[in-house]
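The values are calculated or read from the model by the stated rules, or taken from the named source; none is laboratory data. The model shown is predicted, which means the values in this text are computed figures rather than measured ones. Cβ placement follows ideal geometry from the backbone for every residue including glycine, while neighbour counts extend to all protein chains displayed. The accessibility values were calculated without ligands, DNA or RNA, using every heavy atom of the protein model including side chains. Shrake-Rupley method; radii C 1.70, N 1.55, O 1.52, S 1.80 Å.
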Amino acid sequence: MIIQFDISALKRTRWYEYGIRFLLGGGITVVAGFLANRYGPILGGLFLAFPAIFPASATLVEKHETQKKHRAGMSGSNRGRLAAALDSRGAILGSLGLVCFALTVWLLLPLRNAAVTLAIALAVWMGISIAIWSFEKRHRGHILSPR
Amino acid sequence: MGAVQYIYRFVVGGFIVSLFAVAGDVLKPKSFAGLFGAAPSVALATLGLAIILDGKAYAALEARSMVAGAVALLLYSWACMQLMVRYRLRATAASGAAVLVWLLFSLGTWALIWR
């Protein structure tokens, strides 16, 4: 499976859809900061992995896929839902990478420069996520079959 | 924490989340793009400021809690998939309902282990 860029996807997204994601992301970051300030870093830290991107992205994926089918004269609601489910399958794999990101920061930050630690952790998230995704693809998606 | 810091968090958090979301939009196939639904966007925006203001030990403690939050995100994503495929819920309803799974696991871990 080849990974591709589809820049035309940006044109399908309306300006307010970008706005919603900005508001959601900013809002969650503020809430995480508030909770850490009020109740301490242990409770606040949990919210660093709150689903900030996924809800809006999955809704958009479903909407765009349904619209594509509508233009072709089909209902498309089933196709849209399944496309969003595929998105959630990717998020499961990305979450495993996120666990490794958090572990890297937790264990490396007291020992190393902060910027270097965050850069390494980001590379670990990306590397682990892509490796698990490739492995899962090679096994034809049987590992995470929803049925 | 002052208003300026909250504004900073809002702008930086919104920007980083949007950046990862756009990356997810333009990438294909869908399952690969989905990886970006679990990108460390809020973490990058928050940890940088935590390191500057409260020190590395404080930020490391936040990262330790984030491990449990990330496991909760894994369960959340799995619940979303099940709700959409098995129970045929729309994406908005599924991703909203599954937040309960995230809250239950992460706050449950906090209450049972760290409180």
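Okay, residues lined up against (1) open to solvent by 40 Å² or more (accessible area, probe 1.4 Å); (2) among the basic types (Lys, Arg):
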{"residue": "A:Lys68", "(1), (2)": "yes, yes"}
{"residue": "A:Ala72", "(1), (2)": "yes, no"}
{"residue": "A:Ser77", "(1), (2)": "yes, no"}
{"residue": "A:Ser88", "(1), (2)": "no, no"}
{"residue": "A:Ile92", "(1), (2)": "no, no"}
{"residue": "A:Pro110", "(1), (2)": "yes, no"}
{"residue": "A:Asn113", "(1), (2)": "yes, no"}
{"residue": "A:Thr117", "(1), (2)": "no, no"}
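Residues in segment B:60-93 that are surrounded by fewer than 24 Cβ atoms within 10 Å (Cβ to Cβ) and either among the β-branched types (Val, Ile, Thr) or farther than 25 Å from A:Val61 by Cα (or both): B:Ala60, B:Leu61, B:Arg64, B:Val67, B:Ala68, B:Val71, B:Val85, B:Thr92. Can you name every residue in segment B:1-59 that is surrounded by fewer than 16 Cβ atoms within 10 Å (Cβ to Cβ) and basic (Lys, Arg)? Across segment B:1-59, the qualifying residue is only B:Lys28. Taking segment B:37-94 as the range and being among the polar types (S, T, N, Q) and touching a residue at least 12 places away in the same chain (Cβ under 8 Å) as the test, the residues that pass are B:Ser41, B:Thr46, B:Ser65, B:Ser77. With respect to (1) in contact with a Lys or Arg (Cβ under 8 Å, 6 or more places away or on another chain); (2) open to solvent by 50 Å² or more (accessible area, probe 1.4 Å); (3) outside any loop (DSSP other than H, G, I, E, B), the lone exception for B:Phe105 is condition (1).
Checked against the criterion of being exposed (fewer than 14 other Cβ atoms within 10 Å of the Cβ) and not hydrophobic (A, V, I, L, M, F, W, C), segment A:21-37 has no qualifying residue. Taking segment A:35-65 as the range and being more than 7 Å from every other protein chain (Cβ to nearest Cβ) and outside any helix (DSSP H, G or I) as the test, only A:Gly40 passes.
When segment B:35-64 is filtered for residues that are under 16 Å from the mean Cα position of the chain (by Cα) and part of a loop (DSSP other than H, G, I, E, B), the ones remaining, listed by number, are B:Ala39, B:Pro40. Just one residue in the set B:Val67, B:Val11 is farther than 19 Å from A:Pro55 by Cα, facing chain A (nearest Cβ under 7 Å), over 15 Å from the mean Cα position of the chain (by Cα) and in a helix (DSSP H, G or I); that residue is B:Val11. Mind listing whichever residues of segment B:76-95 are in a helix (DSSP H, G or I) and more than 7 Å from every other protein chain (Cβ to nearest Cβ)? Result: B:Ala79, B:Leu83, B:Ala93, B:Ala94.
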